[in-house]
Every structure is written in C-alpha cells, then in structure tokens.
Amino acid sequence: MKRMALAVALGLGLAAPGHAQELVVTPDPQGPGETLLPQGEVEWGYYCLRCHESPEPLRAQIAAASADRTGLETRRWLGVFLVRHHAPTPEIAVALAAWLAPDPE
Ligand code: HEC
C-alpha cells in the first residue's frame, strides 16, 4: 500500500509535458502496471469540478476557440490560461491542458 501511494505521488509530481499522459501505478512491482485514470482527471475532480459540472462543454469551447491553432499551441494557450484560472501549480495546469486538449488519436 505504501509503495502504491508513492508511485501515485511520483506519477503526479514528475510528469512532464509530452511524456506520460496517464497516471500509472504498479501494485505488483513485477507486473506491467495498471492504468487507473488519465492524468488530468484527478486534478479536474479536485480543482475544477466544483464550478464546472462537466469537461465536455469546455472541450467544445476550447475546440471552437482553437480552430486556427495546432494542438501544441492550444495546450500552450490553455496552460497559460489555467495558471491564472484556478490551477494551483504550472504542472497541474499542464496536466489539465493535456487532458482537456489532447492530440487526436
Ligand atoms: C470558482 C469557480 C471556477 C473554478 C474553480 C474553475 N473555473 Fe473555469 N470557469 C469559471 C467561469 C465562471 C468561467 C466562464 C464561464 C464559462 O465559460 O463557463 C470559466 C471558464 C473556463 C474555461 C473557458 C475559457 C475560454 O476562454 O474558453 C475553461 C477552459 C475553464 N474554465 C477551465 C477550468 C479548469 C480546467 C479548472 C480547474 C483548474 C477551472 N476552470 C476551475 C469558473 C471556475
């Protein structure tokens, strides 16, 4: 249990833009790891949900406002916006921007 909490803390703390997009814990260190939630979703629940009922209208708004931007430009704009708009740290702003405006699969 201790190990799992640590893995979660590391996953949240060290995620860099463009790298791991998912929160992965490895309950069994021999095992392949288990994806729990996409990174950004936990932050959303903690920092955004109390005012925004659902991310979907925001995703639509972001897409409409970003027709002329690349995915990277959209995430950069969104990250800067979120630093001023309730994201407590730049890392959390980046995680939320990646979650709200991912590149199409
Ligand atoms: C205290 C309430 C509150 C909190 C907390 C909050 N928001 Fe907002 N947010 C608003 C309001 C009000 C608006 C403007 C009206 C709207 O577009 O819904 C807004 C607008 C937005 C927009 C639209 C920006 C645009 O120009 O298109 C985005 C994206 C957004 N919020 C994301 C977030 C995210 C992500 C979080 C969590 C870090 C968050 N908000 C937390 C109240 C809040």
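What the table shows:
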item	result
Segment Arg50-His86, extension gain: residue separation times 0.36 nm, minus the distance between their alpha carbons	11.8 nm
Near-label residues of region 86-105 by backbone N, under 19 Å of a point 7 Å along Cα→Cβ of Glu41	92-105
Length added when fully stretched, Asp103-Arg69, from 0.36 nm per residue minus Cα-Cα	11.1 nm
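Quick note: the coordinates plus some simple rules give every number you see, no bench work behind them. Small disclaimer: the values here were computed from a predicted structure and weren't measured. Ideal geometry is used to build each Cβ from the backbone, glycine not excepted, and the neighbour counts take in all protein chains shown.
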